[in-house]
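S.K.: Before anything else, here's the structure in question.
The values are calculated or read from the model by the stated rules, or taken from the named source; none is laboratory data. Owing to the predicted nature of the structure, the values given are computational and were not obtained by experimental measurement. Cβ: placed from backbone, ideal geometry, glycine included. Neighbour counts: every protein chain shown.
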Amino acid sequence: MRINRQLQLLALVAITACLVTWFPNEVNAASVKQARITRVNNHVQLLHSTTTARPASVNDIVEEGTVIRTGSSSRAELTFPDETVVRLAAKTAFSFKNGTRDLNLIEGAMLIQSPKGANDATIHASTGSAAITGTTAMLEYRPGVYKFLMLEGTGRLYRPGHLGDSVLVGPGQLVMGNPNAAVSDPVDFDIARFVKTSRFMVDLPPLRSEKLIAAESQKQQQEKSKKTLIDTNLVIFGGGTRVSVLGQAQTNVAGRTTAGSAKPHSMPEATGAAQQ
């Protein structure tokens, strides 16, 4: 009887161990296809083909295929299981599939902070895509225009189906243009100015990559002191690619002329994301 009792206990332990081993895997398999709403400001909606649109609330679990849409003067933040954070600007529509592997910026602007060791993230916007891993980046897309910038780390901007039409974008670099035209070369932008003025940053908790961004900003300051990086009077206020030359009329530089809007190693004072 004692032997049978011991065998029963061993069997129970073995079954329990199996459940402990298997259950987390099942949970993880489901959770990688979800994200959690961690911040809502004003009017944010969740839309899915199988359900009625509803207002988003903090701690809501968002399933893949759901469209998160922000209204005017509204913002939202999502956090994925691998701790990747996505912040959405006003008038933005965004969805995802397979966790961060397929992020879809339908329209608007988003900031993504992917921690070191996180899954590769691919952001699709119209005919263009951006691939990042363990970096902090911003992407904006409106019909006929896009803007992609890196705050820290390196990303690749490319057009799927167009062999060789891609460019590496490093920290403190910006690419903008027409999504139906060839990808242009990066130009520099002022990281410190972005951090101080962008609605992706202002009045929000610091990103996990805050120190990495500060380090890249410090490198720019050192380059400025050595005159290898020079401030310009070019500023982009708010979304889009309309460049203001301080004290002069505005100039729209959407398209491949973007790279020529600043001399080599010169730096616009702010970027279009600064007012997002």
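S.K.: Mind listing whichever residues of the range 48-69 are crowded, with 16+ Cβ neighbours inside 10 Å and over 14 Å from A35 (Cα atoms)?
M.R.: Within the range 48-69, just R69 meets the criteria.
S.K.: Only residues in the range 94-106 that are under 12 Å from L139 (Cβ atoms) count as the first member; pair them with residues that are exposed (fewer than 15 other Cβ atoms within 10 Å of the Cβ), Cβ under 8 angstrom, at least 6 apart or cross-chain, and list the lot.
M.R.: Here the result reads N104/K97, each pair linking the range 94-106 to a residue that is exposed (fewer than 15 other Cβ atoms within 10 Å of the Cβ).
Yes/no per residue for (1) farther than 28 Å from G99 by Cα; (2) touching a strand residue (DSSP E or B) at 6+ places or on another chain (Cβ under 8 Å); (3) buried (at least 24 other Cβ atoms within 10 Å of the Cβ):
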{"site": "N178", "(1), (2), (3)": "no, yes, no"}
{"site": "S184", "(1), (2), (3)": "yes, yes, no"}
{"site": "L212", "(1), (2), (3)": "no, yes, no"}
{"site": "K219", "(1), (2), (3)": "yes, no, no"}
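S.K.: Oh, and also: Of all residues in the range 67-81, count the ones that are farther than 18 Å from V202 by Cα, touching a residue at least 40 places away in the same chain (Cβ under 8 Å) and not β-branched (V, I, T).
M.R.: Total meeting the criteria: 2.
S.K.: Pairs only if they're at least six apart or on different chains, beta carbon under 6 angstrom, first in the range 110-122 and in the same structural domain as G155 (by TED's automatic domain parsing), second assigned to a loop (DSSP other than H, G, I, E, B) and polar (S, T, N, Q); list them, first residue then second.
M.R.: Listed pairs, sorted by first residue: Q113/S209; S114/T84; S114/T135; A118/T84; N119/T100; D120/T133; A121/T100; A121/S114.
This table checks each residue for (1) assigned by TED's automatic domain parsing to the domain that holds A90; (2) closer than 28 Å to G164 by Cβ; (3) modelled with pLDDT of 90 or more.
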position: D185; (1), (2), (3): yes, yes, yes
position: K196; (1), (2), (3): yes, no, yes
position: Q220; (1), (2), (3): yes, no, yes
position: L234; (1), (2), (3): yes, no, no
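S.K.: How many of the residues in the range 70-87 are crowded, with 22+ Cβ neighbours inside 10 Å and part of a loop (DSSP other than H, G, I, E, B)?
M.R.: The number of residues fulfilling the criteria is 2.
S.K.: Okay, moving on. Quick check on A90: is it in a loop (DSSP other than H, G, I, E, B), modelled with pLDDT of 90 or more and either assigned by TED's automatic domain parsing to the domain that holds D188 or in contact with a Leu (Cβ under 7 Å, 6 or more places away or on another chain) (or both)? Give the derivation first.
M.R.: On the way: in a loop (DSSP other than H, G, I, E, B): yes; modelled with pLDDT of 90 or more: yes; either assigned by TED's automatic domain parsing to the domain that holds D188 or in contact with a Leu (Cβ under 7 Å, 6 or more places away or on another chain) (or both): yes.
Taking the combined requirement at face value, the residue satisfies it.
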